Amino acid sequence: MANKAKEESENLSGWKAVVWPIYPSELKKFLPMALMLMCILFNYSVLRGTKDSLVVTSMGAEAIPTLKLWFVLPGAVLFMLAYSKLSSAFSKNAVFYIIVSFFMAYFLLFAAVLYPCNEILSLNFQGIESKFLKNLLIPVEGWVFSSFYVMSELWGSAMVSLMFWRFANDVTPLKQSKRFYSMFGFIANISLVFSGTILNTVKNVYVITGLAAVFCLVIIFIYYWLNTYVLTDPQFFNPDEVKKPKKKVKLSLGESMKYIFTSKYLGFIVLLVVCYGVSINLVEVMWKGQAKLLYPTDAEFRGFMGNLQIWTGIATIIFMLIGANILRTCSWFTSAIVTPAMILVTGVIFFCCIIFKDDLTPMVNHAGFSILGIITSVGLLQNVLGKGVKYSLFDATKEMSYIPLDDELKSKGKAAVDVIGGRAGKSGGALVQFLLLNVIFVGSSLVQLAPIITLVFVGILLLWFFAVSGLSKEFAKLSADHDK
C-alpha cells in the first residue's frame, strides 16, 4: 500500500494536482487531521480576537508590549519546562491529552469564575508616580484579563506550532507532506471565517470561552480516534516511511537545551520564527492602537477583530491554493521567501502612512475619507496578507524543515524553537517598544516613534532573508541524506 501511495503521488496531474492533490484512499487519515487543525485554529482565532478586545479597550494598546515581555515570555518558558518534564514522564499521547485538558480547564474557570468576578478580583495600586512602574503594573492590576491574554497566546504556540505539527511530522512521510501540509491549512483556515462571524455576532464572553472549551473536547476526541482507528492501519501509517528506527537517546533538560542551541540547522529555524514574531508585532501593536481610536468600545473592537478573522480566512484559503502549487512545483527557498517579502512590502507601506500622516491628510480628506480610516484599513490589509502567506507558506515550509531531523531535535528541539522562539520573537518586538516608550523616549507615543520602529522593522526583515537562505542550503543537504 505504501508503494501504491508513492506511485499515486508521483503521477498527480490535471486539475486534481492543482486544487485537490489528495487521493480517496488517504481521506480517512487526511480529513480528521485537517478537522483537528480546524478546531485548534478556531480557538486560536476567537481567543486572539477576544484577548485583544479585552486588553486594548481596558488597558490600552501600550500595555501589549509589557504583557508580551514580562508575562507571555515567562509563561512560555514555564510551559516549555513543563512540556519537557511531561515528555520524559509520559507517552506522546498522554502529553497531548494533559495539555489540551489543562487549557480546557482554564477556559471553563475563566467563563464561570474569573470573568464574572473580574471587578472584585482586580487590584488597584494607588499613589505610584513613576511612569515606568505604572506601565509595568497596569497588567498586574487587571491580572484576570492578563491571564486570559497569556493563555490565549500560549494556545497558539502550544497547540498550533507544537502539539499539532509535531503529531503531523511524526505520522506524515516527507513526500506526502508536500501535498498534505498546505491542504491542511486550506481546509483548517475555513475556521477563520467561522470564528470571525462568531466574534461579530456573539457579544457574550462567557459563550466564546465556553465554545473554546467545547472545541478542546472535540480535539481530544479526534486525536483519540486517529490513534485508535486510523494510525493502527499500515495503509495509513508506516513508521518506516516517516523515520528510520533507531535507539532513542535520552538526555536531561540541560543536555537537551545544549544540544538544541548548538545546532546550526535549528539556529536558522529559530531566526525564522523570531524574525516573524518581531516584525509582525512591531506592526500589530501600532495598528491596534489606531484601530482603538476608530472603534473605542469593547463590542466595536471585537467586531472589528471579527472582520479581520473573516478576511484573513478568505485570504488564507486563496493563498493555500496558490501555496500548494508553489510548494509542489518550486524549491523550498522560493516557497519560504514569499512570506518575508510580503510582510516587508506591506509593512513599509503601513509605516509610511503613519510617518507621513500629516502630509496625506489633506489629500485623503479631499477624497472624502478619513486618514484614521485609511491607516486602519492599510494595517488591516497588511495583517490579512501577512497572515495569509504565513499560514499557507511560512508554516508549511517551517514544518517541512523538521521532518529530516532525528527524534531528539524533532521533539525537544521543536518545543524550544516554537514555544520559546515564537514567544521570544513577539517579546522581542515588545522589548523594542517597551524600551522606546518607557526608557529611551519616556512620555512618547508609538506613533511618534514610527520612524525608529520602521528602521528596526526593515533590519529584522533583512535578517529573515539571511535565515531563509542559510536554512535552504542546510535543508537541501539534510533532505538528500534523509532520502538515501
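The values are calculated or read from the model by the stated rules, or taken from the named source; none is laboratory data. Just so it is clear, the structure is predicted and the values come from calculations on it, not from any experiment. Virtual Cβ from ideal backbone geometry, glycine too; neighbours counted across all protein chains shown.
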Assess whether G277 counts as being part of a helix (DSSP H, G or I), touching a Leu at 6+ places or on another chain (Cβ under 8 Å) and not hydroxyl-bearing (S, T, Y).
no
Looking only at segment 432-448, which residues are surrounded by fewer than 19 Cβ atoms within 10 Å (Cβ to Cβ) and of a type outside the set (V, I, T)?
L435, F441, G443, S444, S445, Q448
When you scan segment 342-362, do you find a residue that is closer than 25 Å to F466 by Cα, of a type in the set (S, T, N, Q), in a helix (DSSP H, G or I) and modelled with pLDDT under 85, even just one?
no
Of V113, V77, V100, the only residue that is among the β-branched types (V, I, T) and crowded, with 19+ Cβ neighbours inside 10 Å is V100
Just to be sure I understand, how many residues within segment 59-88 are more than 20 Å from W143 (Cβ to Cβ) and of a type in the set (G, A, S)?
4
Consider A112 against the criteria (1) among the small types (G, A, S); (2) modelled with pLDDT under 90; (3) assigned to a helix (DSSP H, G or I): it satisfies all of them except one. Which criterion is unmet?
(2)
Criterion (on the phi < 0 side of the Ramachandran plot, surrounded by fewer than 18 Cβ atoms within 10 Å (Cβ to Cβ), modelled with pLDDT under 85 and not hydrophobic (A, V, I, L, M, F, W, C)) met by exactly one of E62, E129
E129
Give me the residue from segment 377-397 that is among the hydrophobic types (A, V, I, L, M, F, W, C) and without any contact (Cβ under 8 Å) to a residue 60 or more places away in the chain and, out of that set, surrounded by the most Cβ atoms within 10 Å (Cβ to Cβ).
V378
Verdict on E284 being touching a residue at least 40 places away in the same chain (Cβ under 8 Å) and charged (D, E, K, R)
yes
Among the residues of segment 316-359, what is the count of those that are touching a residue at least 40 places away in the same chain (Cβ under 8 Å), under 21 Å from I187 (Cα atoms) and of a type outside the set (A, V, I, L, M, F, W, C)?
6
Determine whether V72 is assigned to a helix (DSSP H, G or I), touching an Asp or Glu at 6+ places or on another chain (Cβ under 7 Å) and within 30 Å of S444 (Cβ to Cβ).
yes
Considering segment 195-210, residues that are within 14 Å of R48 (Cα to Cα) and not polar (S, T, N, Q), and then whichever is surrounded by the fewest Cβ atoms within 10 Å (Cβ to Cβ), we arrive at V205
Test for I120: is it within 26 Å of the chain's Cα centre (by Cα), in a helix (DSSP H, G or I) and not small (G, A, S)
no
Identify all residues within segment 330-376 that are surrounded by fewer than 14 Cβ atoms within 10 Å (Cβ to Cβ), within 28 Å of D395 (Cβ to Cβ) and of a type in the set (S, T, N, Q); write none if there are none.
S331
How many residues are part of a helix (DSSP H, G or I) and in contact with a Gly (Cβ under 9 Å, 6 or more places away or on another chain) if we restrict to segment 178-206?
15
Sole residue being part of a loop (DSSP other than H, G, I, E, B), over 18 Å from L35 (Cβ atoms) and either at pLDDT 75 or above or of a type outside the set (A, V, I, L, M) (or both), chosen from K175, K250
K250
Residue, surrounded by the fewest Cβ atoms within 10 Å (Cβ to Cβ), within segment 290-329, restricted to residues that are part of a helix (DSSP H, G or I) and among the hydroxyl-bearing types (S, T, Y)
T329
Tell me the residue from F148, F164 that is more than 20 Å from L437 (Cβ to Cβ), more than 15 Å from the chain's Cα centre (by Cα) and crowded, with 22+ Cβ neighbours inside 10 Å, please.
F148
Segment 28-69, residues that are under 23 Å from R302 (Cα atoms), aliphatic (A, V, I, L, M) and in a helix (DSSP H, G or I):
M38, I40, L41, V46, L47, L54, V55, V56, M59, A63, I64, L67
Considering segment 132-142, residues that are part of a helix (DSSP H, G or I) and in contact (Cβ under 8 Å) with a residue 40 or more places away in the chain, and then whichever is surrounded by the fewest Cβ atoms within 10 Å (Cβ to Cβ), we arrive at F132
